[in-house]
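Structure first, commentary second.
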Amino acid sequence: MFINQSQDPPRHSNRDGIMRPIVWPSLPRVACLFVVGCLVGLVGDGAHAYVEVLEYHTKEVLNLLAWWVVPQFGGGFVLAGTLFKPMVSALSGSSAAAREELATVGARWSWLFTFLAVVSFVLVYLLSSALHVHARGADGLNLLVLSTLAALMWAALWGDTAAVKWGVLGTALFTGLAGLCYESTLNHLGVYFFHTPDFLLVDSWIVSLWMASCLGGGPLYCKLEEYDEAVWRRRR
């Protein structure tokens, strides 16, 4: 569902009386999330396939990935970007401070900060491939290292958002568990397989990567929503 620019979008009111438009994802926002997701999937999952973290039964892309992998990542980013703020809001409580901080957090960040947040996730993704090469089979150690990095990402990117940081952490934990279940299901269906699985047919440290995707992608989701709101205000 997209903004109908000829009509006023619906509005909601905070308890402090601030009225804000409810802006549905615009086509540029969806397109940006899809492209970023595709690039992350191509680089990150391509590295996983290259160092044999996992393997696909068909390899149409770079002789490493199945054809559907890259658009799957793009669609995943669109879905995550759409659900991020509602989930954080639900987990942050009903305080006016939390609602106001979540509504304005995108405007506080620069595009450079947003870009670096996504890059931090990509670097964690690539590090997981390096850990697989140098500590093959040491899934417990890899889980500890990657979980520590995810925690540092949370502190660095969301530490100054006092009212919503715990909601963000809860959203990241949910994302990690959901990602684990999703990948485990695909493996049980025989869509692809991990070479050294240690939990439910996947590497247990995959939870940390899904958490990092939420923590690193969150600023992009918020920034693009703030951009949509700014466009709407300029067209008023």
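The values are calculated or read from the model by the stated rules, or taken from the named source; none is laboratory data. Just so we're clear, the structure is a prediction, and the values are computed from it rather than from any experiment. Reconstructed Cβ throughout: ideal geometry from the backbone, glycine too, with neighbour counts over all protein chains shown. With ligands, DNA and RNA removed, areas are computed over all heavy atoms of the protein, side chains included. Shrake-Rupley method; radii C 1.70, N 1.55, O 1.52, S 1.80 Å.
Here are the numbers for the structure shown:
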read-out: Within the range 113-124, tally of residues that are in contact with a helix residue (DSSP H, G or I) (Cβ under 7 Å, 6 or more places away or on another chain) and open to solvent by 20 Å² or more (accessible area, probe 1.4 Å); value: 4
read-out: Residues satisfying the stated conditions in the range 155-166, i.e. closer than 15 Å to residue 104 by Cβ and either touching a Pro at 6+ places or on another chain (Cβ under 9 Å) or crowded, with 22+ Cβ neighbours inside 10 Å (or both); value: 158, 164
read-out: Subset of the range 23-59 [modelled with pLDDT under 95 and either over 29 Å from residue 142 (Cα atoms) or of a type in the set (Phe, Trp, Tyr) (or both)]; value: 23, 24, 25, 26, 27, 28, 29, 30, 31, 32
read-out: Contacts under 6 angstrom Cβ, first residue in the range 65-89 being more than 27 Å from residue 194 (Cβ to Cβ), partner assigned to a helix (DSSP H, G or I) and polar (S, T, N, Q), 6 or more apart; value: 87/171; 88/171
read-out: Filtered residue count, the range 196-225, keeping only those that are in contact with a Lys or Arg (Cβ under 9 Å, 6 or more places away or on another chain) and open to solvent by 20 Å² or more (accessible area, probe 1.4 Å); value: 2
read-out: Filter result for residue 184 (surrounded by 17 or more Cβ atoms within 10 Å (Cβ to Cβ), free of Cβ contacts under 8 Å to residues at least 24 places away in the same chain and assigned to a helix (DSSP H, G or I)); value: yes
read-out: The range 132-154, residues that are under 18 Å from the mean Cα position of the chain (by Cα) and surrounded by 13 or more Cβ atoms within 10 Å (Cβ to Cβ); value: 146, 147, 149, 150, 151, 152, 153, 154
read-out: Residues being assigned to a helix (DSSP H, G or I), surrounded by fewer than 17 Cβ atoms within 10 Å (Cβ to Cβ) and among the small types (Gly, Ala, Ser) - total across the range 76-112; value: 4
